[in-house]
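Q: A single structure is presented below for examination.
Read the figures in this text as sums done on the coordinates, not as results from a lab. What you see is a predicted model, and the numbers here were worked out from it, not measured in a lab. Don't worry about glycine lacking a Cβ; one is built from the backbone with ideal geometry, like all the others, and counts go over all protein chains shown.
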Amino acid sequence: MRAEDDRKALEKERKRWEDTTLRKAVESLPERRKEFVTTSSRPLKRLYTPLDLGVKTDEERLGKPGGFPYTRGIHPTMYRGRLWTMRMFAGYGSAEDTNRRFKYLIAHGETGLSVAFDMPTLYGYDTDEPEAKGEFGTCGVAVSSLEDMRLLFRGIDVGEVSTSMTINSPASVIWAMYLVAAEERDIPMSKLRGTIQNDILKEYQAQKEWIFPPEPSMRLVVDTFEFGSKQVPQWNTISISGYHIREAGATAGQELAFTLANGMEYVRWGIDRGLQVDDFAPRLSFFFNAHNDLFEELAKYRAARRIWSREMRDTFGAKNPRSWLLRFHAQTAGVSLTAQQPEINIVRTTVQALAAVLGGTQSLHTNAYDEAYQVPNEAAARIALRTQQILAHESGVANTVDPLGGSYFLESLTDELEDEAYRYFDRIQELGGVIPAIRKGFFQQEIANSAYRYQREIEDKERVIVGVNDFVVDEQPELEPLRVSEASLKAQVERLRRIRRTRDAKKHARSLDQLRKGCEGDANTMPLILDAVRAKATLGEIIDVMRETFGVWEEPLLY
Amino acid sequence: MIPIAKKIRVLIAKPGLDGHDRGAKVVARALRDAGMEVIYTGLRQTPEDIVEAAIQEDVDAIGLSCLSGAHMTLFPEVVKLLKKRKSGDILVAGGGIIPEEDVPKLKKAGIKVVFGPGTPLRDIVAFFETAGKGA
């Protein structure tokens, strides 16, 4: 009764304020707009008070940092114990070109590696295949062979540093190359730390770097869960990614909902394989976007942690608290970067990075200001890294755990995003689950609709983008161009030719034959892929075997 | 009898391996909303696929979208093949992540206009409207 009385008193006091102070203020100075909305077009109230928090207690809603439901963060001390990993996504040209960039970034203080692959590699083509024409090294590094992988990490201690690799359809092959390259340097698999993105579901939904149809693709993913949990226990075998869903146009709520729905789909497939949930769930990791709207982004991360811990514990019966933790990487929003007045992208990236840090990210990539034009040049990449270092060492935001926890606005927004996610989970279920919904084009259409609405808002100037539809200047930006050299391409093609000429042809053919048989049956493909890599089969050759066995995906066409 | 205006037909195409289709889809929708007939090719089209589709669909213009950096190889190839197939009258526009210094080279290769990030949709619509005038 006491709580109800308190609530009534609060409501009364609020009404009094609205009828007196507020009314007078609005009469003398009307508000700038009729409706205020977030980046995701979510309408916001003028003021949030305890009345917006619903009936749950703080203990239920927030818990303590490092405790269920982890709303306030997965560690009790957060950044007081260890700062987030500063992990800059990098890659262009050949393995040698990118190796130089890695060393440059390490020299300037980055604390983890992150590999961007070029388009042919992402689709499982070797550099010298016709499909790769014009695409070598343009938006990432080309890795066609084990030798490329060796060169990529030459002089870098992969036993110490953790490496993230943004690769999906061919993830198990690229991972096998990394494992074999480490094996040759006598670094045991058990010591390796890192992440393969390996999230095929969001490829069909958003990033579109798919090769095979969903079912064989999911089998390959679960193969890595199974293999990794036994052989490479410190490796995150998946990074369940909302980043690309958001970049393709989704709202914050859609990013949250689709990512977690995908996450739960992977868990179901793992369990269906016969794996124990606690054997693989601790190695599931996540990847979210950090967009412009500070509080909406913060709410998204907090809601994500809360939903995941609850679903893992209560729906999937995970007993190990590590299975309940939603650990995530964040990247600032590439899509928010403007080609106009590109220097101001540094400011956008700073605000976005702040959201990720206040939201409790485990690692972070900050975009460079020149990325609306090209893969970043060295100087631009360094400023992006420095942005994180300033947040970490100068801004003071890393000194206190979840400094914004308890804000009426933030907590209310967190609840709202959580509710939105559950509404989407219900709709996905009604469509028969994640894969049937992909086949029906559900996610794709939802994302396209949001992207179009956002663009119309900019077009109609309901939404101001500084330098684009307001505060415009007429000047050409001057940027230091970054070009992939012809010499790198030539060297890469020659290297591939030499490998094909000099390897043990019998061993090579046998390994691919074994792989084909494995793919046709239901063996775990990882050991077979490792053998093919050791026999110097190239990425394209291995993926060809799979393409022939599994077929290729054709997406529903819509816009 | 009032003659019925022929609808402008546009092919929106994604050449090469690039999977970033947000921009292409937004443009396709804006052109459709502006009353044009839009055919979207989907992803991973070769220049040959695109030219074939353009001729089959009897389009007035093609919009090429590429964000992977392969535009210098793929865009001029489309124009070249169109000429070879005696369809050089089909207008070709390009869009995507394209460095400023590439723009004059693309124009020289026959790309009528290059739309960079931040281009208002109305500018893109206005360009494609000119494609109907020649018909």
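Q: Roughly speaking, what is the stretch gain from residue A:517 to residue A:186, that is 0.36 nm per residue apart minus the C-alpha to C-alpha distance, in nm to one decimal?
A: Contour length minus the Cα-Cα distance gives 116.2 nm.
Q: Report, to the nearest 10°, how far helix B:47-56 tilts away from the longest principal axis of the Cα atoms in chain B, using its own Cα long axis and a range of 0 to 90°.
A: Relative to chain B, helix B:47-56 is tipped by roughly 0 degrees.
Q: Same structure, new question: Within the range A:122-164, name every residue whose backbone N is under 18 Å away from a label modeled 7 Å from Cα of residue B:109 along the Cβ vector.
A: Inside the label zone: A:130-139.
Q: Related question: Using label points projected 7 Å from each Cα along Cα→Cβ, tell me how many nm separate residue A:509 and residue A:77, to one decimal.
A: In this crude spin-label approximation the distance works out to 6.0 nm.
Q: Output the Kirkwood hydrodynamic radius of the range A:65-157, Cα pairs only, in Å rounded to one decimal.
A: Its Kirkwood hydrodynamic radius stands at 15.0 Å.
Q: Could you give the length gained by full extension between residue A:502 and residue A:485, i.e. 0.36 nm per residue of separation minus their alpha carbon distance, to one decimal place?
A: So the chain would gain 3.5 nm between residue A:502 and residue A:485.
Q: What average number of partner chain Cβ atoms lie no more than 10 Å from the Cβ of the residues making up B:21-32?
A: For this peptide, the per-residue mean of nearby foreign Cβ atoms is 6.
Q: For B:64-73, what's the mean count of beta carbons from other chains sitting within 10 Å of each residue's beta carbon?
A: 5
Q: Now for a different question. Rank these for me by crowding, B:21, B:89, going from fewest to most other beta carbons within 10 Å.
A: B:89, B:21
Q: With each label point set 7 Å from Cα along the Cα-Cβ vector, what nm distance links residue A:408 and residue A:18?
A: According to this spin-label approximation, the distance is 1.2 nm.
Q: When only alpha-carbon atoms are used, what values of Rg and Dmax, in angstrom, describe the protein assembly as shown?
A: When restricted to Cα atoms, the protein assembly as shown yields Rg and Dmax of 25.8, 88 Å.
Q: Taking a label point 7 Å from the Cα of residue A:347 along the Cα→Cβ vector, which residues of the range A:457-495 have an amide N closer than 14 Å to it?
A: A:464-473
Q: How much net charge surrounds residue A:187 when only other residues with a Cβ under 12 Å from its Cβ are counted (Lys, Arg +1; Asp, Glu -1)?
A: Combined, the nearby Lys, Arg, Asp and Glu give -2.
Q: Hey, what number do you get for chain A at 222 nm if only DSSP H runs of n ≥ 4 count, each worth -39500 (n - 2.57), divided across all residues, to the nearest 500?
A: Rounded to the nearest 500, it is -14500 deg cm²/dmol.
Q: Could you work out how far apart the two model spin labels at residue A:478 and residue A:389 are, taking each label as a point 7 Å from the Cα in the direction of the beta carbon, and quote it in nm?
A: For the pair residue A:478/residue A:389, the computed spacing is 2.5 nm.
Q: Related question: Give the order of A:452, A:70 when sorted by the count of other beta carbons within 10 angstrom, beginning with the fewest.
A: The most exposed by this proxy come first: A:452, A:70.
Q: Counting only other chains, what is the mean number of Cβ atoms within 10 angstrom of the Cβ of each residue in peptide A:456-463?
A: Taking all residues of A:456-463 together, the mean is 2.
Q: Now a separate question. In whole Å, what are the Cα extents of the range A:211-281 along the three principal axes, biggest one first?
A: 37, 26, 18
Q: Where both partners of a DSSP beta bridge lie in chain A, what percent of those bridges are antiparallel, to the nearest 5?
A: Just about 5 percent of them are antiparallel.
Q: Longer than 18 Å from Cα to Cα, which of A:34/A:461; A:506/A:536; A:230/A:536; B:6/B:86; B:25/B:105 are they? Say none if no pair is.
A: Beyond 18 Å between Cα atoms: A:230/A:536; B:6/B:86; B:25/B:105.
Q: Under 18 Å from a point placed 7 Å out from the Cα of residue B:7 along the Cα-to-Cβ direction: which residues of the range B:24-50 have their backbone N that close?
A: Flagged as within label range: B:25-42.
Q: Further question on the same structure: If we count every other residue with Cβ under 14 angstrom of residue A:510's Cβ, Lys/Arg +1 and Asp/Glu -1, where does the sum land?
A: +3
Q: For residue A:96 and residue B:33, what does the FRET efficiency come to when R0 = 60 Å and r is the distance between their Cβ atoms, rounded to the nearest 0.05?
A: 0.80
Q: Let me ask something additional. List B:106, A:558 from most exposed to least, where exposure is judged by having the fewest other Cβ atoms within 10 Å.
A: A:558, B:106
Q: Still on this structure, please answer the following. By how many nm would the segment from residue A:271 to residue A:440 grow when fully extended, if each residue of separation counts as 0.36 nm and the alpha-carbon distance is taken off?
A: Fully extending the segment from residue A:271 to residue A:440 adds 58.3 nm.
Q: Which of the DSSP-defined H helices in chain A satisfy a minimum axial length of 15 Å, computed from C-alpha atoms, and a minimum mean Kyte-Doolittle hydropathy of 0.5?
A: Membrane-span-like by this criterion, though nothing is claimed about a membrane: A:171-184, A:345-358.
Q: Only four residue types carry charge here, +1 at the Cβ of Lys and Arg and -1 at the Cβ of Asp and Glu. Report the dipole size of the range A:427-559 about the Cα centre in Debye, rounded to the nearest 20.
A: Rounded to the nearest 20 debye, it is 1320 debye.
Q: How large is the charge dipole for the protein assembly as shown, taken about the Cα centre, if only the Cβ atoms of Lys, Arg (+1) and Asp, Glu (-1) carry charge, to the nearest 20 debye?
A: 440
Q: Which far-off residues, 5 or more places away or on another chain, put their amide H under 5 Å from the one on residue B:67, with H placed in the peptide plane?
A: Those qualifying (amide H under 5 Å, at least 5 residues apart or on another chain) are B:20, B:97.
Q: Now for a separate question. Given R₀ = 35 Å, FRET efficiency for residue A:552-residue A:46 by Cβ-Cβ distance, to 0.05?
A: 0.10
Q: Further question: Find out how many positive minus negative residues lie around residue B:96, taking Lys and Arg as positive, Asp and Glu as negative, among other residues whose Cβ is under 14 Å from that of residue B:96.
A: In short, -3.
Q: Which residue, chosen from A:357, A:65, A:47, occupies the Cα position most advanced towards the positive end of the dipole of chain A, where the dipole is computed from +1 (Lys, Arg) and -1 (Asp, Glu) charges on Cβ about the Cα centre?
A: The one lying farthest along the dipole's positive direction is A:65.
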